[in-house]
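*Asks:* Just passing along the structure, written as structure tokens.
The values are calculated or read from the model by the stated rules, or taken from the named source; none is laboratory data. Nothing here was measured: the structure is a model prediction, and the numbers come from that model. Backbone-built Cβ (ideal geometry, glycine too); neighbour counts: all protein chains shown.
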Amino acid sequence: MSLDLIFYILGGLTIGTALMVVLSKHPVRSVLYLVLTFFLISANYVMMNAQFIAIVNIIVYAGAIMVLFLFVLMLLNLNKENEPKHSLWMTVGAMIAGGGLFLVLVAAMRDAILAAPMIDENSEKVGLVENLGQVLFTKYVLPFEVSSILFLAAMVGAVLLAKREKQTIE
Amino acid sequence: MLLATLFESGVKIEHYMVLATALFVIGVFGVLYRKNAIILLMCIELMLNAVNLLLVAFSTYFGQADGQLFVFFIMVVAAAEATVGLSILVLLYRNTRSTDIRLFNKLKN
């Protein structure tokens, strides 16, 4: 099986599942389709020899973030909620806006002048943990430390928001 | 092995650009179309993933590790964003008993 055939199958499936995320009525079904989309995107990463990012994508997105979404959906008990009717105006407007954005972006990309790919004997190892770790802890060590502060702030914020207030509104 | 052949086997970088753009536009369409706030957050994740896909494609194309590290940082920010966004959503649900965004248009009751 040639590589471009695999690419077309993977890309078509990714777009199909992403569309199902938006179009399916049931929120839980949307979450499950999004998990499937993330797995397909991970398959795309493996195709591009980015193994570390592929595994991290599965662990962080499909594993952690989507389970969080699923937990919130179950907690809020939205399963019986029926989606309100979409007005025709909103549907048509969203389709026009999305399609227009797609056309403009693709048209802008057609004019882009791209340099030739740089493939040498080292480029196979770019996506491996060893190489990424070396760049992360030398060139990008400051953003790495700053992201830990971001996580601390997010954690404090989540705890503070989830704490039940003494005097409730009304 | 795989890398040396992927961008020489008829798969061009333009293909990945169109794929990432399509995913991003599906996310935009979802944000405009859906009314459920949880689905809106999921569509934002979809848009972030489209950008990640393009970054990894160019990182592989140019043989540089920087793009993949950007993806790493985007994942960090997305995880923090999802946590805080969902906890805000739970608080809003406590007040309004719904996740319909049309009920959230007032900051003060």
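*Asks:* Pull up the range B:42-64, narrow it to residues that are of a type in the set (Gly, Ala, Ser) and buried (at least 21 other Cβ atoms within 10 Å of the Cβ), then point me to the one that is nearest to A:Tyr61 (Cα to Cα).
*Replies:* First pass over the range B:42-64, keeping only residues of a type in the set (Gly, Ala, Ser): B:50, B:57, B:59, B:63.
Checking the rest, the ones that are also buried (at least 21 other Cβ atoms within 10 Å of the Cβ) come to B:50, B:57, B:59.
On the way: B:Ala50: 13, B:Ala57: 19, B:Ser59: 20 Å.
Here the residue is B:Ala50.
*Asks:* Could you identify the single residue in A:Val31, A:Val46, A:Val35 that is of a type outside the set (Ser, Thr, Tyr), within 14 Å of B:Asn36 (Cβ to Cβ) and either touching a residue at least 40 places away in the same chain (Cβ under 8 Å) or assigned to a helix (DSSP H, G or I) (or both)? Talk me through it step by step, then tell me what you get.
*Replies:* Values: A:Val46 fails: within 14 Å of B:Asn36 (Cβ to Cβ); A:Val35 fails: within 14 Å of B:Asn36 (Cβ to Cβ).
Just one listed residue meets the conditions, A:Val31.
*Asks:* Mind telling me which of the residues A:Leu23, A:Leu19, A:Leu32, A:Leu40 ends up being facing chain B (nearest Cβ under 9 Å), surrounded by fewer than 23 Cβ atoms within 10 Å (Cβ to Cβ) and within 15 Å of the chain's Cα centre (by Cα)? Can you show your working first?
*Replies:* Numbers: A:Leu23 fails: within 15 Å of the chain's Cα centre (by Cα); A:Leu32 fails: facing chain B (nearest Cβ under 9 Å); A:Leu40 fails: facing chain B (nearest Cβ under 9 Å).
The unique qualifying residue is A:Leu19.
*Asks:* Can A:Met66 be described as surrounded by fewer than 18 Cβ atoms within 10 Å (Cβ to Cβ), of a type outside the set (Asp, Glu) and part of a helix (DSSP H, G or I)?
*Replies:* Numbers: surrounded by fewer than 18 Cβ atoms within 10 Å (Cβ to Cβ): no; of a type outside the set (Asp, Glu): yes; part of a helix (DSSP H, G or I): yes.
It is false that A:Met66 is surrounded by fewer than 18 Cβ atoms within 10 Å (Cβ to Cβ), of a type outside the set (Asp, Glu) and part of a helix (DSSP H, G or I).
*Asks:* Give just the number: which of (1) surrounded by fewer than 22 Cβ atoms within 10 Å (Cβ to Cβ); (2) facing another protein chain (nearest Cβ under 7 Å); (3) farther than 30 Å from A:Thr138 by Cα does B:Ile39 not satisfy?
*Replies:* Going through (1) surrounded by fewer than 22 Cβ atoms within 10 Å (Cβ to Cβ); (2) facing another protein chain (nearest Cβ under 7 Å); (3) farther than 30 Å from A:Thr138 by Cα one by one, B:Ile39 breaks only (1).
*Asks:* Scan the range B:65-99 residue by residue and report those that are more than 7 Å from chain A (Cβ to nearest Cβ) and more than 21 Å from the chain's Cα centre (by Cα).
*Replies:* Selection gives B:Leu92, B:Arg94, B:Thr96, B:Arg97, B:Ser98.
*Asks:* Another question, then. Please go through (1) closer than 30 Å to B:Phe62 by Cβ; (2) in contact (Cβ under 8 Å) with a residue 40 or more places away in the chain; (3) part of a helix (DSSP H, G or I) for A:Leu73 and return the number of the only condition it doesn't satisfy.
*Replies:* (1)
*Asks:* Scanning for something among the aromatic types (Phe, Trp, Tyr) and loosely packed, with under 12 Cβ neighbours inside 10 Å, does the range A:142-161 turn up at least one residue? Let's see the steps before the verdict.
*Replies:* Here is the first cut: in the range A:142-161, the ones among the aromatic types (Phe, Trp, Tyr) are A:144, A:151.
Checking the rest, the ones that are also loosely packed, with under 12 Cβ neighbours inside 10 Å come to none.
Checked against the condition, which is being among the aromatic types (Phe, Trp, Tyr) and loosely packed, with under 12 Cβ neighbours inside 10 Å, the range A:142-161 yields no hits at all.
*Asks:* Here is a follow-up. Exactly one condition in (1) touching a residue at least 60 places away in the same chain (Cβ under 8 Å); (2) in a loop (DSSP other than H, G, I, E, B) is false for B:Lys106; which is it?
*Replies:* (1)
*Asks:* Hey, another quick one. A:Val92: modelled with pLDDT of 90 or more and either more than 22 Å from the chain's Cα centre (by Cα) or of a type in the set (Asp, Glu) (or both), yes or no?
*Replies:* Yes: the conditions hold for A:Val92.
*Asks:* While we're here: Tell me, which residue of the range A:89-130 that is among the β-branched types (Val, Ile, Thr) and part of a helix (DSSP H, G or I) is nearest to B:Ala65 (Cα to Cα)?
*Replies:* A:Val129
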